[in-house]
Amino acid sequence: MLEIIYQDDYLVAINKPHGLLVHQSPIARDADEFAIQLLRDQLLKKVYPVHRIDRKTSGVLLFAFDKEINKSLTEQLTLKTVEKIYHAIIRGYTPDELFIDYPLYKDNGVLQEAQTRIRTLDRAEINIPSGKHSSSRYSFIEAVPITGRMHQIRKHLAHIFHPIIGDRPHGCNKQNKIWLEKFEMNTMLLHAHKMVFTHPVTEERITLIANPQTEFRRAYEILAFGKEIPVICSDKN
């Protein structure tokens, strides 16, 4: 059963687990379960995805129950009036705040502008050598995508040499090997934490929050970050 974090007569949102595709894709023919299918079977009604998040990413995933509501919400995304906040555990110590403005190529070779704002929430260091370093350093960050390009956060963090732990192919092979061998973990530590939008019918401002999945929480505890990991229920503003 998928974890439902919000539902009314028009919308439903789930906390998507790591590894689950939103819908069937020709580039992932190994998958036989999809969020759309599972949620449809769980609710016994059609659902329409308002947006996408990567298969490897967990967190807030919003659906509409009809095409008109879906269209209204996708228009908000186009107009950039939807706020989306991600959490990630990444290699190295990042600055307190950083604005990344680095264009990204589409699959067809077209270059698109892309901006991501990051904020460091905590830092940690563990006594496990990595390459020429005697220890390994990590940051727990908040990432806000200003634009919505494919794998944008993953690519931007790799661009500034602070890749997400568990990311393939944009991550650090040395760190991914450490987490697999030392902690038996190969989960990509990127989580769609929060989404804020205007309800297309009631016009209320809605805040959806997805609590971190088990493996993300385990990594957070392994690193013993100084602050307790945010665990908040969804609500309306």
Whole-percent carbon and sulfur share, accessible surface of the chain, 1.4 Å: 49 percent
Karplus 3J(HN,Hα) series, Hz, for region 42-56 with 6.51 cos²θ - 1.76 cosθ + 1.60 (x for Gly, Pro): 5, 9, 6, 7, 5, 9, 10, x, 7, 8, 10, 9, 4, 3, 7
Loop-located trypsin sites (Lys or Arg not before Pro) in region 8-103 whose Cβ has at most 15 other Cβ within 10 Å (DSSP): Arg29, Lys45, Lys46, Arg52, Lys80
Gaussian network model of the chain, springs between alpha carbon atoms under 10 Å - residue of Ile222, Ile164, Ile69 with greatest fluctuation: Ile222
Overall form of region 82-237 per C-alpha gyration tensor (a/c, 1.5; a/b vs b/c): oblate
Helix-only [θ]222 nm of the chain, DSSP H runs n ≥ 4, -39500 (n - 2.57) each, per residue, nearest 500: -6000 deg cm²/dmol
Accessible area of the chain divided out per residue, in Å², using a probe of 1.4 angstrom: 53 Å²
Ranking by accessible area, most exposed first, for Val144, Val196 with a 1.4 Å probe: Val144, Val196
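The values are calculated or read from the model by the stated rules, or taken from the named source; none is laboratory data. Here the structure is a predicted model, which means the values were calculated and not measured. Please note: Cβ atoms are built from the backbone with ideal geometry, for glycine as well, and neighbour counts cover all protein chains shown. Heavy atoms of the whole protein, side chains included, go into the accessibility calculation; ligands, DNA and RNA do not. Shrake-Rupley method; radii C 1.70, N 1.55, O 1.52, S 1.80 Å.
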